[in-house]
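A.B. asks: First the structure, which I've put down as structure tokens, then a few questions once you've had a look.
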Amino acid sequence: MAFEVKDEDKVNNNKQHLNLSTLAYEVILSDMFTFGEEKLSGFINRVFEYYSPLAAASISQTLNHIHGELSKHLSEVLGDEKTKARVLDKLLMLKKDSLIKNAESYEGGKTFKFWLNKRNLEFLSEPSSECNEDKYYPKRGKYIKSVVEEYARLPYIEREKIYFSPFIVEIQNAINEVKQLRIKTENDMIYSVYPYEILSDPLSITNYLVGYCTMHL
């Protein structure tokens, strides 16, 4: 179930307080400038929406994924089913403890408030939501903090992919389906692009789209 909202918070349910480490806050400000995002609320919402499905900080879904992977591998091993079940439970317990410890390790630093967008608010607070992170976090703000802190510690090119993930998905779909993209530049030039692959430079600093490009007439 989603995070429980106290009666006194129901009026401004989308207002969220957050306390980020100095490192995470500085990374956020730097990425906002680099990616052209002017509003802190918009940036935090975007990062949480696109990264929470991937983050180890999403402990419940991370454990579900690991359970599936371990079950698959253990099914291929000869042995007593009860023993394999105990091994699975032990491995999951160790991983759960590690994830919880890591989520609790992020220090405080900069406190601010922002407004959750509709999608994130529904995911975190609607009773019908599939979010089960309330098992591991006392408040939704703690969960959001862990996701953002984890994001801030990723390499730059990974953070860039997360922020621009809708475009990455669109490009990847075009690559898979062998379709062209139409791109309009800041000076209103339009190009037809036949994407081939998304690559990073040798130093893993920047992502590049490799493909064939012609001016659209």
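The values are calculated or read from the model by the stated rules, or taken from the named source; none is laboratory data. Everything numeric in this text was worked out from a predicted model, so none of it was measured. We place every Cβ from the backbone using ideal geometry, glycine too, and count neighbours over all the protein chains shown.
A.B. asks: Taking the conditions exactly as written (under 29 Å from ALA2 (Cα atoms), surrounded by fewer than 16 Cβ atoms within 10 Å (Cβ to Cβ) and at pLDDT 90 or above), does LYS145 satisfy them or not?
C.D. replies: no
A.B. asks: Let me ask another. Working only within segment 176-206, note down all residues that are closer than 22 Å to ILE157 by Cβ and either in contact with a strand residue (DSSP E or B) (Cβ under 6 Å, 6 or more places away or on another chain) or surrounded by 11 or more Cβ atoms within 10 Å (Cβ to Cβ) (or both).
C.D. replies: Across segment 176-206, the qualifying residues are LEU181, ILE183, VAL193, PRO195, TYR196, GLU197, ILE198, LEU199, SER200, SER204, ILE205, THR206.
A.B. asks: Wholly within segment 134-217, which helices (runs of 4 or more DSSP H) include no fewer than the required count, namely at least 2 residues that are among the small types (Gly, Ala, Ser) and assigned by TED's automatic domain parsing to the domain that holds TYR50?
C.D. replies: Those helices (runs of 4 or more DSSP H) span 140-152.
A.B. asks: Let me ask you something else. Out of curiosity, is ASN19 farther than 22 Å from ALA152 by Cβ, touching a strand residue (DSSP E or B) at 6+ places or on another chain (Cβ under 6 Å) and in the same structural domain as LYS135 (by TED's automatic domain parsing)?
C.D. replies: No; evaluated as a whole, the condition is false for this residue.
A.B. asks: Examine segment 156-170 for a residue that is within 11 Å of LEU209 (Cβ to Cβ), buried (at least 16 other Cβ atoms within 10 Å of the Cβ) and in contact with a strand residue (DSSP E or B) (Cβ under 6 Å, 6 or more places away or on another chain), and state whether such a residue exists.
C.D. replies: No, segment 156-170 contains no residue that is within 11 Å of LEU209 (Cβ to Cβ), buried (at least 16 other Cβ atoms within 10 Å of the Cβ) and in contact with a strand residue (DSSP E or B) (Cβ under 6 Å, 6 or more places away or on another chain).
A.B. asks: Please go through segment 105-120 and pick out each residue that is farther than 14 Å from VAL47 by Cα and under 18 Å from the mean Cα position of the chain (by Cα).
C.D. replies: Passing the criteria: TYR106, LYS118.
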